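Novice: I am attaching a structure below and will ask some questions about it afterwards.
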Amino acid sequence: MIAAAGWTATVIALACSVSLVILGWQAQRRPQGVPRAALKLAVGGMVFGSVVAFGALQVALLTDDFSVSYVAENSARATPLLFKISTAWSALSGSIVLWTLVLAGFTAAVLRQVRDMQDRLGTGALAVMGLVAAFFFGLVATVANPFEILSNPPTDGPGPNPILQNHFMVLIHPPMLYLGLVGFTVPFAFAMSALMLRQGGVDWLRRTRRSNLVAWTFLTGGLVYGAWWSYEVLGWGGFWAWDPVENAALIPWLLATAFIHSSALQVKRGMLQAWNFVLVLATFSMTILATLLTRSSVIASVHSFTQSGVGPALLGFLVIVVGVGFTLFALRGEQLASNRRPESILSREGAFLTNNVILSVFAFVVLLGTIYPVFVEAFSGAQVSVGRPFFDRMAVPLSFALLLAMGIGPFMPYRRAGGAVMWQRLRLPLLLGAAVSAALVLAGLREVSVVLVAFLVTAMVSGTVQELVTNAPDPRPQSIWRLVRRQHGYWGGQVAHIGLALVALAIATSGTLAERASVSLGVGESTQFDGYTLSYEGNTLVPSGDRSSNIAEIVFAADGDVVFRAKPALTQFNNQVQAVATPSVWTTPTRDIYVALSSLGPDQVTINLYRYPYMWLLWTGGLTVMVGGVWALAGGARRRPEAVRLEEHRMSRQGAHD
Ligand code: HEM
């Protein structure tokens, strides 16, 4: 019964998304021909269908209904409640049901923007949202159907992948990632609608700024908390492995970050119009590539779901999106290209261009390294892998260039940044940066990358504080508060910049100043690490529900006082072959001590020890980037300077003539 309800609801949503395509398309052609109520009904049906389908899946999981194929394949009676809920997106078809739910939500948000049927840009965007939704609902109704009814249901199931039921981050990371990746469908839909209408100008940018920032902020969270999850669970002591699925989520983030800035440049200065279309088409295409890499077995990764018929469908969809999107752009691009150029590269405009070049090159390099093995295998059958050395060699200089541009760019005036003005603005931040770096070197720090990042972070933070104080009418806190409230976009951006700088500092310190050791201890034996005496106090087997954890107790003592008890564990799940090792992390303001089990015998333990300085800066920096995004969001739509309005008027008059 519940499976039938879930599948029927999916088919209803599919039918409604197809009708949304037709209605939206007609409305864009002949606005008076389609009543708004019809659009509302179609979107309402999509939302209703996706909510019922997702609800049905949850009910089937929570009631252990093993007649439903998804439950029988991925759940177990003894799975704890929270992980039963997250099982809904812990395997392929369930994760697409969540994808459709989020997509229906964003489509409803677009409908709210379409105030009247004369809004051809909006109705066209709804048609494109309907098209993307029809594809994903089509997947759920066919090749990725979680609601198949089993004629001979089992009494219990294997439970979700052990790694996916070992940490609460499974409840945060995937949903955040989906809100991010799916959210980029909105700017894509408006860009396609504007291209269909040959409509240049900033209207489609103004109308997608918020959804783009919402998606960007969530994707930032998905990336950072995915890294945290990997750090806390996978036990290899790291947080980013340049795994194809990690890369596939990073690429749209890099492109969307570039779009945040190039769209600001178009709204404020009327530049980069054609490029903004390219960026949005590329960002959306990369979200589909991310879905393809995670849901088809073209790549081997801890992240990828099992083999299924979804892969070819997603590949086909990606080819259509790229083909149709860029063909439409090619047919319209020339008419829509803006002919405004920056007066000088040494200007805020120049900084935005630099931002876009660095971020696009970064995205391209990561894409190349990620899909190169897929292509080599597809065309020659040879198995090659592109590993950390390639990505690090590319990412480090690009990151430094980005940090440098981020440290100077926001303080540059528009049009032309004279030397005197820039020296006056950068003198103090550079001085403070130099002072901090000198102090670090005098304190014995010799890692150039850490000294450099510390210099850039100090310059950026002090530059932002200086900008605050100089732009506020007076240094009183309420005046500064009034300033940041008046320019949400600018100051939200500065907070995001500082957040990213903190992330860079944490990556530099944990990458170059880390200490590692691997030790074997018998019960009662001890060793030294980071100035502490570590003693192994034996292990305890703790059975609970569907798993039993073998927990090793390692005591950290200083001057005879116990200061920390590390409890890394090896958890064996009843219905699963693979045991999961859970590290133990001791975080203090100056460092993390990370204890991971390598082997655990009856009388002996082998542990890997890592000391990572200032690791908390990574998660805090990530959170700060998100806070910056939220603050930028809190501001209303951007005001359109006179110059741009004139440029737009020229565009629409030119469009009208074609
Ligand atoms: C080349 C490096 C960069 C430069 C020169 C730069 C410059 C700027 C400037 C000038 C603004 C204010 C725009 C306005 O006037 O409203 C801004 C906003 C912003 N920046 Fe950056 N930025 C850079 C890199 C980054 C990176 C890597 C991130 C990612 C964390 C980022 C995140 C943001 C955000 C979220 C905003 C707010 C955008 C909005 O309100 O729509 N920026 N940036």
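The values are calculated or read from the model by the stated rules, or taken from the named source; none is laboratory data. Just so you know, these numbers come straight off a predicted model, no measurement behind them. Because the Cβ atoms are built from the backbone with ideal geometry, glycine has one as well, and the counts that use them run over all protein chains shown. The protein model used for the area step is the full one, side chains on, heavy atoms only, and it has no ligands, DNA or RNA in it. Shrake-Rupley method; radii C 1.70, N 1.55, O 1.52, S 1.80 Å.
Novice: Taking L213, is it within 16 Å of the ligand (Cβ to nearest atom) and either over 30 Å from S548 (Cα atoms) or in contact with a helix residue (DSSP H, G or I) (Cβ under 6 Å, 6 or more places away or on another chain) (or both)?
Specialist: On the way: within 16 Å of the ligand (Cβ to nearest atom): yes; either over 30 Å from S548 (Cα atoms) or in contact with a helix residue (DSSP H, G or I) (Cβ under 6 Å, 6 or more places away or on another chain) (or both): yes.
Answer is yes for this residue.
Novice: Failed condition for Y414, given (1) within 16 Å of the ligand (Cβ to nearest atom); (2) of a type in the set (F, W, Y); (3) part of a helix (DSSP H, G or I), with all others met?
Specialist: Every listed condition holds for Y414 apart from (3).
Novice: In addition: Output yes when any residue across the range 133-154 is part of a strand (DSSP E or B) and surrounded by fewer than 19 Cβ atoms within 10 Å (Cβ to Cβ), and no when none is.
Specialist: First pass over the range 133-154, keeping only residues part of a strand (DSSP E or B): 149.
Remaining after also requiring surrounded by fewer than 19 Cβ atoms within 10 Å (Cβ to Cβ): 149.
Checking the range 133-154: at least one residue is part of a strand (DSSP E or B) and surrounded by fewer than 19 Cβ atoms within 10 Å (Cβ to Cβ).
Condition check ((1) within 16 Å of the ligand (Cβ to nearest atom); (2) in a helix (DSSP H, G or I); (3) in contact with a Gly (Cβ under 8 Å, 6 or more places away or on another chain); (4) in contact (Cβ under 8 Å) with a residue 12 or more places away in the chain) across all residues:
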position: S549; (1), (2), (3), (4): no, no, no, yes
position: E553; (1), (2), (3), (4): no, no, yes, yes
position: R565; (1), (2), (3), (4): no, no, no, yes
position: Q572; (1), (2), (3), (4): no, no, no, yes
position: D592; (1), (2), (3), (4): no, no, no, yes
position: Y610; (1), (2), (3), (4): no, no, yes, yes
position: G621; (1), (2), (3), (4): yes, yes, yes, yes
position: V625; (1), (2), (3), (4): yes, yes, yes, yes
position: G629; (1), (2), (3), (4): yes, yes, yes, yes
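Novice: For the range 73-93, check the following and say yes or no: at least one residue is farther than 20 Å from L171 by Cβ and among the hydroxyl-bearing types (S, T, Y).
Specialist: no
Novice: Considering only the range 200-208, I want to know if a residue exists there that is more than 16 Å from the ligand (Cβ to nearest atom) and not acidic (D, E).
Specialist: Within the range 200-208 (the criterion being more than 16 Å from the ligand (Cβ to nearest atom) and not acidic (D, E)), the answer is yes, since at least one residue qualifies.
Novice: Is it true that some residue in the range 322-338 is within 30 Å of G419 (Cα to Cα), in contact (Cβ under 8 Å) with a residue 60 or more places away in the chain and buried (at least 18 other Cβ atoms within 10 Å of the Cβ)? Walk me through how you get there before you give the answer.
Specialist: Restricting attention to the range 322-338, the residues satisfying the condition of being within 30 Å of G419 (Cα to Cα) are 338.
Keeping just the survivors that are in contact (Cβ under 8 Å) with a residue 60 or more places away in the chain gives 338.
With buried (at least 18 other Cβ atoms within 10 Å of the Cβ) added as a condition, the list becomes 338.
Scanning the range 322-338 turns up at least one residue that is within 30 Å of G419 (Cα to Cα), in contact (Cβ under 8 Å) with a residue 60 or more places away in the chain and buried (at least 18 other Cβ atoms within 10 Å of the Cβ).
Novice: List the pairs whose first member sits in the range 4-22 and is open to solvent by 40 Å² or more (accessible area, probe 1.4 Å), whose second member is of a type in the set (D, E, K, R) and at pLDDT 95 or above, and whose Cβ atoms are under 7 Å apart, counting only residues at least 6 apart or on separate chains?
Specialist: Every condition considered, no pair remains.
Novice: Oh, and also: Is it the case that some residue within the range 366-388 is within 16 Å of the ligand (Cβ to nearest atom) and within 24 Å of L255 (Cα to Cα)?
Specialist: Restricting attention to the range 366-388, the residues satisfying the condition of being within 16 Å of the ligand (Cβ to nearest atom) are 366.
Keeping just the survivors that are within 24 Å of L255 (Cα to Cα) gives 366.
Yes - at least one qualifying residue is present in the range 366-388.
Novice: Counting just the residues of the range 344-361 that are near the ligand (Cβ under 7 Å from one of its atoms) and not hydroxyl-bearing (S, T, Y), which one comes out farthest from the chain's Cα centre (by Cα)?
Specialist: Within the range 344-361, the match that is farthest from the chain's Cα centre (by Cα) is R348.
Novice: While we're here: At least 1 residues that are of a type in the set (D, E, K, R) in each: list the helices (runs of 4 or more DSSP H) lying fully within the range 161-252 that qualify. Please lay out each step first, then the result.
Specialist: On the way: elements: 173-183, 185-196, 203-233.
Here the list reads 203-233.
Novice: Only one residue in T464, T470, T458 is out of contact with any helix residue (DSSP H, G or I) (no Cβ under 6 Å at 6 or more places or on another chain) and β-branched (V, I, T). Which one? Give the derivation first.
Specialist: Working: T464 fails: out of contact with any helix residue (DSSP H, G or I) (no Cβ under 6 Å at 6 or more places or on another chain); T458 fails: out of contact with any helix residue (DSSP H, G or I) (no Cβ under 6 Å at 6 or more places or on another chain).
T470 is the lone residue from the list that is out of contact with any helix residue (DSSP H, G or I) (no Cβ under 6 Å at 6 or more places or on another chain) and β-branched (V, I, T).
Novice: Next question. Report those helices (runs of 4 or more DSSP H) wholly inside the range 437-546 carrying at least 1 residues which are within 26 Å of the chain's Cα centre (by Cα), more than 16 Å from the ligand (Cβ to nearest atom) and surrounded by 14 or more Cβ atoms within 10 Å (Cβ to Cβ).
Specialist: Where helices (runs of 4 or more DSSP H) fall fully within the range 437-546 and carry at least 1 residues being within 26 Å of the chain's Cα centre (by Cα), more than 16 Å from the ligand (Cβ to nearest atom) and surrounded by 14 or more Cβ atoms within 10 Å (Cβ to Cβ), they are 448-471, 488-512.
Novice: Something else: Considering only the range 257-273, how many residues are of a type in the set (A, V, I, L, M, F, W, C), in a helix (DSSP H, G or I) and open to solvent by 10 Å² or more (accessible area, probe 1.4 Å)?
Specialist: We begin by selecting, within the range 257-273, every residue of a type in the set (A, V, I, L, M, F, W, C); these are 258-260, 264-265, 267, 271-272.
Those still in the list that are in a helix (DSSP H, G or I) too: 258-260, 264-265, 267.
Okay, now just the ones that are also open to solvent by 10 Å² or more (accessible area, probe 1.4 Å), so 260.
Residues in the range 257-273 being of a type in the set (A, V, I, L, M, F, W, C), in a helix (DSSP H, G or I) and open to solvent by 10 Å² or more (accessible area, probe 1.4 Å): 1 in total.
Novice: Kindly evaluate V278 against the criterion of being surrounded by fewer than 24 Cβ atoms within 10 Å (Cβ to Cβ), at pLDDT 95 or above and farther than 30 Å from A579 by Cα.
Specialist: When the stated conditions are applied, V278 passes them.
Novice: Is it the case, given these coordinates, that G157 is assigned to a helix (DSSP H, G or I) and crowded, with 20+ Cβ neighbours inside 10 Å?
Specialist: On the way: assigned to a helix (DSSP H, G or I): no; crowded, with 20+ Cβ neighbours inside 10 Å: yes.
It is false that G157 is assigned to a helix (DSSP H, G or I) and crowded, with 20+ Cβ neighbours inside 10 Å.
Novice: Look at V374 and say whether it is touching a residue at least 24 places away in the same chain (Cβ under 8 Å), β-branched (V, I, T), under 30 Å from L315 (Cα atoms) and open to solvent by 30 Å² or more (accessible area, probe 1.4 Å). Break it down into steps so the answer makes sense when it comes.
Specialist: Working: touching a residue at least 24 places away in the same chain (Cβ under 8 Å): yes; β-branched (V, I, T): yes; under 30 Å from L315 (Cα atoms): yes; open to solvent by 30 Å² or more (accessible area, probe 1.4 Å): yes.
Considered against the rule, which asks whether it is touching a residue at least 24 places away in the same chain (Cβ under 8 Å), β-branched (V, I, T), under 30 Å from L315 (Cα atoms) and open to solvent by 30 Å² or more (accessible area, probe 1.4 Å), V374 comes out as yes.
Novice: Taking the stated definitions as given, is L254 buried (at least 21 other Cβ atoms within 10 Å of the Cβ) and at pLDDT below 95?
Specialist: Numbers: buried (at least 21 other Cβ atoms within 10 Å of the Cβ): yes; at pLDDT below 95: no.
Here the answer is no, as L254 does not meet what is asked.
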